[in-house]
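In what follows, a structure is listed as structure tokens, so that the remarks can point back to it.
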Amino acid sequence: MKRRSLLQAAGAAAFVGAASPLAFAQGNLQKFKFNLGWKIEASGAGFLLAHQRGYYKDAGLDVAIDTGNGSASAISLVAGGAYDVASADLSTMIEFNTANPSAKLAAVAIQYDLNPNAVMVRKDGPIKKPTDLAGKTILGQPFNASRKLFPVFAKAQGFDTGGVKWENVAPDIGDTRFVKGDFDAAAYFFFTGLLNLKARGMGPEQLTVFRFSDFGMQSYGNGLVASPRTMQESPDAMKAFVKATTRGWIEAIADPKAGAAAIKAREPLANEAIELERLQLIVDGTMKTAETRANGWGAATPARLQATIDETVAAFGLKSSLAVADIWTERFLPTATERKLKG
């Protein structure tokens with residue numbers, strides 16, 4: 001009887017271990033810190049949905065999801081050890097790794113397959129094509145990724161950026177001034193700009209949007225930027241986080257209403273209708289792409305990763321010898337079947 005009990009106990013332990021390397025008892029979950037890179041809005045829907053539905057907990061993780069103040073700040077926090085992972089712009093990560101060779105940050109999944117950076121102009125104004133932006137005044141702060149990557153966009157269109165004047169005005173004030181006509185153009189993530197300006201009375205039908213990805217840019221947008229320490233010391237936790245996040249985003253893509261509801265549940269002051277509209281823009285404009293349908297959410301190709309490095313180096317004037325392996329690893333991605341979009 002004693003031998004049978006021992007065998008049964010051993011079998012049960014083996015089953016638990018096979019089910020999940022992080023299958024801890026309730027109240028003994030592994031703590032994991034994630035930074036959204038921005039405030040609670042549609043760009044965080046997949047993470048919040050995964051949290052709301054218990055996917056992180058099911059994976060053995062106690063995930064804390066915090067807001068951020070942009071990619072540069074989020075990346076610095078990951079590099080400093082305050083967070084295990086952050087959602088951040090890959091170009092900003094490449095710039096950081098070039099300036100800090102010992103940081104060795106890497107993306108472990110791609111969030112935006114198509115880069116969301118853009119410049120917007122009034123449809124009834126004098127700017128009808130990208131080359132008309134030469135010598136114009138554009139709203140965009142120094143930390144603004146669309147401003148920083150503007151030289152790549154301009155080079156692809158064949159015009160000189162030397163005459164462009166940038167206006168460094170706080171986003172909320174800048175949006176209002178753009179609507180009043182103080183600036184010729186404004187640089188944004190397209191899904192941020194469209195809704196910010198709509199809230200100030202300028203609807204999408206009044207705007208022309210020059211999305212960089214429509215005009216030659218091949219770079220990926222945001223990815224999950226991971227701490228090398230966590231990747232090395234807690235690989236199972238990292239893999240569990242990426243898998244649960246992938247599930248959350250796949251479900252948010254399939255059911256944006258559920259994603260918007262998860263945002264509202266986390267932030268009661270959020271306008272659920274606006275965040276649903278923003279999420280739909282994100283899904284249709286950055287995630288439901290031919291490459292994502294072929295390779296699944298989170299995946300990347302060597303050619304696009306190399307283009308991301310090359311375009312960043314050119315835009316920021318970097319002296320960098322980074323290779324694809326220095327900025328990316330796929331070892332934490334779930335299987336192709338688990339990454340596949342629904343429908």
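The values are calculated or read from the model by the stated rules, or taken from the named source; none is laboratory data. Just so we're clear, the structure is a prediction, and the values are computed from it rather than from any experiment. Cβ atoms come from the backbone with ideal geometry, glycine included; neighbour counts cover every protein chain shown. In case anyone asks, the SASA skips ligands and DNA or RNA and just uses the protein heavy atoms, side chains included. Shrake-Rupley method; radii C 1.70, N 1.55, O 1.52, S 1.80 Å.
In the set (1) within 30 Å of Phe150 (Cβ to Cβ); (2) open to solvent by less than 20 Å² (accessible area, probe 1.4 Å), the condition left unmet by Thr246 is number (1). Of the residues that make up the range 246-254, is at least one of a type in the set (S, T, N, Q), under 19 Å from Ala59 (Cβ atoms) and either at pLDDT 95 or above or within 16 Å of the chain's Cα centre (by Cα) (or both)? Taking every residue of the range 246-254 in turn, at least one turns out to be of a type in the set (S, T, N, Q), under 19 Å from Ala59 (Cβ atoms) and either at pLDDT 95 or above or within 16 Å of the chain's Cα centre (by Cα) (or both).
Out of the range 198-207, which residues are part of a helix (DSSP H, G or I), open to solvent by 70 Å² or more (accessible area, probe 1.4 Å) and either among the hydroxyl-bearing types (Ser, Thr, Tyr) or free of Cβ contacts under 8 Å to residues at least 40 places away in the same chain (or both)?
Taking the range 198-207 as the starting set, the residues that turn out to be part of a helix (DSSP H, G or I) are 198, 204-206.
Now restrict to residues that are open to solvent by 70 Å² or more (accessible area, probe 1.4 Å): 198, 205-206.
Result: Lys198, single match.
Restricting the range 48-78 to residues that are within 22 Å of Ile327 (Cα to Cα) and crowded, with 22+ Cβ neighbours inside 10 Å, the residue that is modelled with the lowest pLDDT is Ser71. Screening Phe210 with (1) assigned to a strand (DSSP E or B); (2) in contact with a Pro (Cβ under 8 Å, 6 or more places away or on another chain); (3) under 17 Å from Trp38 (Cα atoms) gives one miss only, at (3). Checked against (1) in contact with a helix residue (DSSP H, G or I) (Cβ under 7 Å, 6 or more places away or on another chain); (2) not in a loop (DSSP other than H, G, I, E, B), Pro126 passes all but condition (2). For first residues located in the range 131-148 and within 21 Å of Ser219 (Cα to Cα) and touching a residue at least 12 places away in the same chain (Cβ under 8 Å), partners that are small (Gly, Ala, Ser) and in a loop (DSSP other than H, G, I, E, B) and lie 6+ apart or on another chain with Cβ distances below 7 Å form the pairs Thr131/Gly158; Phe143/Gly70; Ser146/Gly140; Arg147/Gly140.
Scanning the range 79-112 for residues that are of a type in the set (D, E, K, R), outside any helix (DSSP H, G or I) and open to solvent by 10 Å² or more (accessible area, probe 1.4 Å) yields Asp84, Lys104.
If you take just the helices (runs of 4 or more DSSP H) that sit entirely in the range 268-343, which of them hold at least 2 residues that are surrounded by 13 or more Cβ atoms within 10 Å (Cβ to Cβ) and of a type in the set (Ser, Thr, Tyr)?
Numbers: elements: 272-282, 290-295, 302-316, 324-327, 336-339.
Once the helices (runs of 4 or more DSSP H) in the range 268-343 are filtered for at least 2 residues that are surrounded by 13 or more Cβ atoms within 10 Å (Cβ to Cβ) and of a type in the set (Ser, Thr, Tyr), what remains is 302-316.
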